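Take a look at the structure below.
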Amino acid sequence: MAPHDIRRPFKRAAISDQQKRRELSLLRQAQNRRDAQQQARCLASSILSLQSAAPESQPEQSDIELETVPEAEQESEAFSKDLDVRQASKLRGPEVRKWFARQLMLPEWMIDVPDRLAQDWYVFARPAGKRCFVVSSNGTTVSRQRNGSILHHFPSALPAGAKIRDGSGSAQSYCILDCIFHELDQTYYVIDMVCWNGYSLYDCTAEFRFYWLNSKLEESGACNAPSHYHKFRFSAVPVYNCDQSGLHAAYTGVVPYAKDGLLFYNKHALYQTGNTPLALVWKDDNCSQFVIDTDGKGEIPSQQQVVLELQDDRKLVTSDDPPVLFGCLDGDIIEKSGLHTGNLLRFAIGDGGLSFVDGKLEKADLIYLGKSNRARAFADSYSKVLFQFMVRHSPLKIDDLLASINSANDQEKTPSDIEMVG
């Protein structure tokens, strides 16, 4: 598809309904309040007790694979949001990966620039590393990766995170932090706070969560250098209001970790499990080593590759809820390759590219390559496929984000012209 067909100043209205979904998500979160305290207790207990989905020595996938999988990780209808700890403890393998994946708040890829970016959004540089939950409770601290496997089991300065002389805290004292573990400096960078000292933050806005994160983490001593009762250092990331200066600081500022793109959080968003358009990831070559997806050999293929799920009616869909239809697979290929419903299949996007009508995908030129890696548990999401398509043809650039902020500022400064009609 020719670049000018999808290029829009600041927005991607021709291919995206992301803004509409952002508005719907803000409405729905006010209507779907959970028992946040019970959800936090369930998650904390599960992270501490669930058996690992994979051996702790199992090597991690590359950073680029780590970044592409979470965006695609959507919950299956087979797993209820009300799954209790006893049921969760019986899960194994892919089921554990799915259960843990849907406990995290997973950002969509930025397809268009959100409205009111400067007023309603935060931005920060995402650390490169392993995304995980960290739970401290009953005198110990455990970190688990998205697939449920234990990353570290250690003492920490977090509340109830170590067995010390004055006790490890009450049974109600526990913490859940959303972190990225950065290998180079052996530090847990905290990107969000789900629960602190037994107080659930699920139903608190990002504005409040980030405020508590910065104040409470420093007070706890978790940011101190490692010691006998505190094996790994924790650190908050610098978060900025997404105005022109804040965006510039996040994009160009020096940080103690390797950057892997920028993360944007809506200030009014609650901690929503699963994919959400109220958190967005954006990358370019200046702030990430991994922008265009690589193949199994770590090389950039000549054609964009996507992973889709095969349904029982031969339909090929994304992991979104509801899923986005990309086409149907020929019955002969299904029979000859011995494919089954639920298989994850890899395709290349041919010269025909992707075609859009009224903001919806109408046609995709798919070339079947084979089954996806067995370690992969989910298909790609629609926003991830589109972001990768845009990167190759007409990327959303940092100048577009800055221009959008400037344009919004100019509109606010310009008084409205009111025409009186007699």
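The values are calculated or read from the model by the stated rules, or taken from the named source; none is laboratory data. Predicted model, so just to flag it, every value in this text is computed and none were measured. Because the Cβ atoms are built from the backbone with ideal geometry, glycine has one as well, and the counts that use them run over all protein chains shown. Surface areas here come from the heavy atoms of the whole protein model, side chains and all, with no ligands, DNA or RNA. Shrake-Rupley method; radii C 1.70, N 1.55, O 1.52, S 1.80 Å.
Things worth noting here:
- Residue check, Tyr240 in contact (Cβ under 8 Å) with a residue 60 or more places away in the chain and closer than 22 Å to Asn266 by Cα: yes
- Residue within segment 119-127 that is among the hydroxyl-bearing types (Ser, Thr, Tyr) and at pLDDT 95 or above present: yes
- Number of positions in segment 345-361 that are at positive phi and open to solvent by 60 Å² or more (accessible area, probe 1.4 Å): 1
- Test: Leu184 is out of contact with any helix residue (DSSP H, G or I) (no Cβ under 8 Å at 6 or more places or on another chain), hydrophobic (A, V, I, L, M, F, W, C) and open to solvent by 60 Å² or more (accessible area, probe 1.4 Å): yes
- Selection status of Ile164, open to solvent by 10 Å² or more (accessible area, probe 1.4 Å), at pLDDT below 95 and either under 19 Å from the mean Cα position of the chain (by Cα) or farther than 18 Å from Tyr257 by Cβ (or both): yes
- The number of residues in segment 304-343 that are surrounded by fewer than 14 Cβ atoms within 10 Å (Cβ to Cβ) and either within 24 Å of the chain's Cα centre (by Cα) or assigned to a loop (DSSP other than H, G, I, E, B) (or both) comes to 9.
- Scanning segment 206-256 for residues that are part of a strand (DSSP E or B) and within 30 Å of Asn406 (Cβ to Cβ) returns Ala236, Tyr240, Asn241.
- Index of the failed condition, Ala249 passing every other in (1) open to solvent by 20 Å² or more (accessible area, probe 1.4 Å); (2) touching a helix residue (DSSP H, G or I) at 6+ places or on another chain (Cβ under 6 Å): (2)
- Count of segment 362-418 residues which are open to solvent by less than 70 Å² (accessible area, probe 1.4 Å), part of a loop (DSSP other than H, G, I, E, B) and either under 17 Å from Gln303 (Cα atoms) or at pLDDT below 95 (or both): 10
- The test for being in a loop (DSSP other than H, G, I, E, B), open to solvent by 30 Å² or more (accessible area, probe 1.4 Å) and either within 23 Å of Ile349 (Cα to Cα) or touching a residue at least 24 places away in the same chain (Cβ under 8 Å) (or both) holds for Asp203.
- One residue alone among Asn275, Asn241 is more than 15 Å from Met193 (Cα to Cα), in contact with a strand residue (DSSP E or B) (Cβ under 9 Å, 6 or more places away or on another chain), crowded, with 23+ Cβ neighbours inside 10 Å and among the polar types (S, T, N, Q), and that residue is Asn275.
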